[in-house]
Amino acid sequence: MPKIKHIAMTAKDPQKVAAFYMELFGMEEVGRSGDSHVYLSDGEMNLTIRSCKADGDADVGEGGAGFEGIHHIGFVVDDVEEYSEKALKIGAKMLSPAKAVAAGASTGGGAPPGRPARSNAEVKISGPNGVVLDMSETGWIGN
């Protein structure tokens, strides 16, 4: 059964928002991608704090450019291609290029340290209510 492995939220100041969660809940920083992404973990699940999306981003989401809040949910699945096909059959919209998945390329901005190239968001889709979903076979940094 697929498992939720991370929730990602967008923020105008990712460092400030990450510091809030670390101080309040004792979450630990497990990674960072420049100033745009801070990866936190409670040891079980990850919380990604990332910069707001811009117009033209394939996965800008229903909130639009500049939206601050929950952006997407990341799932670990056994077979990304199988779940991608299933998602499309039941009405999901493909947000990442299907050929990138087939070629084994990461669509999530590169693999975290110590992970194979097919990591992070191997595929991004949106469900019937527009919520963005990531699917990965390998999980995310800190998992």
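Restricting to the stretch 60-74, what's the tally of residues that are touching a Leu at 6+ places or on another chain (Cβ under 9 Å) and surrounded by fewer than 18 Cβ atoms within 10 Å (Cβ to Cβ)?
Residues that pass the stated criteria total 1.
Those residues that are surrounded by 12 or more Cβ atoms within 10 Å (Cβ to Cβ) and in a loop (DSSP other than H, G, I, E, B), I need them from the stretch 75-86; list them, please.
V77
Hey, can you tell me all the residues within the stretch 51-77 that are touching a residue at least 60 places away in the same chain (Cβ under 8 Å) and charged (D, E, K, R)?
D59, E62
Looking for whichever is at pLDDT 85 or above, part of a loop (DSSP other than H, G, I, E, B) and among the small types (G, A, S) here; the options are G139, G114, G130, G66. Which one fits?
G66
Being out of contact with any helix residue (DSSP H, G or I) (no Cβ under 7 Å at 6 or more places or on another chain) and among the β-branched types (V, I, T), is that true of even one residue in the stretch 14-26?
yes
Any residue at all in the stretch 76-91 that is modelled with pLDDT of 85 or more and within 12 Å of the chain's Cα centre (by Cα)?
There is at least one residue in the stretch 76-91 that is modelled with pLDDT of 85 or more and within 12 Å of the chain's Cα centre (by Cα).
The values are calculated or read from the model by the stated rules, or taken from the named source; none is laboratory data. Remember, it's a predicted structure, so these values are computed and weren't measured experimentally. Please note: Cβ atoms are built from the backbone with ideal geometry, for glycine as well, and neighbour counts cover all protein chains shown.
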